[in-house]
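Read through the structure below, which is laid out as structure tokens, and then see the notes.
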Amino acid sequence: MIRFEVNSDLSDQETTLKQMMQEHTEMLAEAQAGEEKYKDSQDWLDTDIEAGEEQLLRIERKAQEIRRNADAFVLIGIGGSNNAARAVVEALKPLDGCEIIYAGNTLHPHEVEKMLQKLAGKDFYIDCIAKNFETLEPGAAFRVLRQYMDERYGDQAPERIIATGTPGSTLWQLCQEQGYDFFEFPVNVGGRYTAMTNVGLLPMAVAGVDVRALVKGAHDMQLQLHKEPAETNSAYRYACLRNLFYQNGYRVEMLSSFDPRFHYFYLWWRQLFAESEGKDNKGIFPVTGEFTEELHSIGQFIQDGSPIMFETFLDVVHPEDHVVIKPDSRKDYFDYLNGKDFAEINKAAFHATVKAHSEKLPVMTFTLDELDAYHFGQLFYFFQFACYLSCKLMGVNPFDQPGVEAYKHWMFAALGKL
């Protein structure tokens, strides 16, 4: 299981934190039970609803078909439609699955052309993932790829096209008309909460990820967070600490790690908190730090810059790889590294950074034993539940995103849609 600890000395705020946690215990109970006012957004709260045995079997059967008949799988989607799958696939890089190629997450012609070039000479399937099929990026990419597949596969093209959308939507209607396979984008789950649904699980399974282990990790975290009382509930404590720091003037949270495999998980985490909390002129701005590389830039700001942020680390105990530095007869002034593993060196840098940063700003750490499918499931569920709690404490709706629509009016007008 994931372990949570506070690294900074918060003894002067312990009384305030304890009072906050005691005053809002009903919020934890409401979240654990699910709320009537959010019932159209909370099917992720119980992993059995959208990741039960029936759904997993269908996902596994389709993934096996794709892996048997294709070299590549194009995931067409943006934001919540691709972030979770990409985070896991790119971190774990399974060796026995299809190559995953990403589309529909940009409008830049260079990236679209580069995506098409990757498909040259490959057999592939595509999956257009869109809860609202009015979103421009996946819609434009889907049209280009459908045309490409018609030229490549002719009458067999529909057999290689999948859509994951809302029943009754225009995307669903297109599937009915053209004979494309259709997977449901859960009506009662918002995009950024869809890791444990068809949206995230099908692409992961095609890539060779053990999706049952992923769901097991999420389910175990669900049981833990729904059972634990306020005093020992780590998601509730984390949410309260975030709001305490926010009330004390910290407006930025940096999620940091010394493991580069978290690169795409950062995108998922940033969307989760930015889109959930950033409304009503409130919210903690989520940023990320990829260390050690960014210690040579962001580290300077943390140590001597404006005191605007607190920091949350992700640490993996057991590294997957080991590279030992061998003694060398040539004088290069690095003999103190002889016999040391890069894993040991990286861990020393991590502990030194936590110590240095915790003397300057509030620092917390989440520790995982391994970075595998099971622990990714734990991370997804933990942060989703903690974000839900944090939004409740902040007084904002965790599940809507009215500001996302603001730019679309002008964009569609410029393109002649309105």
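The values are calculated or read from the model by the stated rules, or taken from the named source; none is laboratory data. Only a predicted model underlies this, so the values are computations on that prediction, with no experimental measurement involved. Here the Cβ positions follow ideal geometry from the backbone for every residue, glycine too, while neighbour counts run over all protein chains shown. All accessible areas refer to the heavy atoms of the entire protein, side chains included, with ligands and DNA or RNA removed. Shrake-Rupley method; radii C 1.70, N 1.55, O 1.52, S 1.80 Å.
Return the single residue from D372, D71, D341 with maximal mean-square fluctuation; model: Gaussian network over the chain, springs between Cα atoms under 10 Å. Comparing D372, D71, D341 in the GNM, the peak value goes to D341. Straight-line cross-link reach from K408 at under 18 Å between alpha-carbon atoms covers these aspartates and glutamates, not counting any fewer than eight positions away in the same chain: E134, E137, E275, D400. Note on R330 and L415: the model spin-label points, each 7 Å out from Cα along the C-beta direction, lie 5.5 nm apart.
Rounded to the nearest 10 Å², what accessible area does Y148 have for a 1.4 Å probe in the complete protein model? Here the residue's solvent-accessible area equals roughly 60 Å². Across the chain, C-alpha contacts under 8 Å between residues 6 or more apart give a mean separation that, scaled by the residue count, equals a relative contact order of 24 percent. Classify the range 79-232: rounded, prolate or oblate, from the alpha-carbon gyration tensor (a ≥ b ≥ c, eigenvalue square roots; a/c under 1.5 rounded; otherwise prolate if a/b is larger than b/c)? The shape class here is prolate. Which log10 I(q)/I(0) values, to two decimals, does the range 231-284 give at q = 0.14, 0.23 Å⁻¹ under the Debye formula with one point per Cα? Ignoring solvent entirely, the Cα scatterers give -0.46, -1.04. Annotation for the range 61-139 versus the range 151-187: alpha-carbon center distance of 15 Å.
Most tightly packed first, judged by the mean number of other beta-carbon atoms within 10 Å of their residues, the peptides 186-198, 284-296 read 186-198, 284-296. Kirkwood hydrodynamic radius of the range 273-332, from the reciprocal of the average inverse Cα-Cα distance over all distinct pairs: 15.7 Å. Hull volume per residue, based on the alpha-carbon atoms of the range 34-84 and their convex hull, is 99 Å³. Here the ratio of the Cα radius of gyration of the range 277-414 to 2.2 N^0.38 Å is 1.45.
Applying a length cut-off of 15 Å (Cα extent along the axis) and a mean Kyte-Doolittle floor of -0.5 to the DSSP H helices of the chain leaves 211-227, 234-247, 342-358, 373-394. Of the peptides 87-93, 27-33, the ranking by mean beta-carbon count within 10 Å, highest at the top, reads 87-93, 27-33. Computed over the alpha-carbon pairs of the range 363-418, the distance histogram in 5 Å steps reads 4, 14, 13, 13, 12, 11, 12, 10, 6, 4, 1 percent, short to long.
Divide the volume of the convex hull around the Cα atoms of the chain by the residue count and you get 174 Å³ per residue. On full extension, the segment bounded by D46 and T166 gains 41.2 nm, given 0.36 nm per residue less the C-alpha separation. Bridgeable aspartates and glutamates around K347 (alpha carbons under 18 Å apart, same-chain partners fewer than 8 residues away excluded): E5, D259, E290, E293, E294, E311, D315, E320, D321, D369, E370.
Taking the Cα centre of each part, how many Å lie between the range 358-383 and the range 210-226? The distance from the Cα centre of the range 358-383 to that of the range 210-226 comes to 15 Å.
Note that the range 6-75 shows a convex hull volume over its alpha carbon atoms of 192 Å³ per residue.
Pairs spanning more than 20 Å between alpha-carbon atoms, out of K37/K279; K131/K279; K326/K355; K93/K340: K131/K279; K326/K355; K93/K340. Among 312-319, 154-161, 332-339, sorting by the average number of other beta carbon atoms lying within 10 angstrom of each residue, highest first, gives 312-319, 154-161, 332-339.
In whole percent, how big is the carbon plus sulfur part of the accessible area of the range 255-366, probe 1.4 Å, protein atoms only? The nonpolar share, carbon plus sulfur, comes to 55 percent. Taking every DSSP bridge with both residues inside the chain, close to 10 percent are antiparallel.
The alpha-carbon of K282 sits under 12 angstrom from the alpha-carbon of none of the aspartates and glutamates, leaving out residues fewer than 8 places away in its chain.
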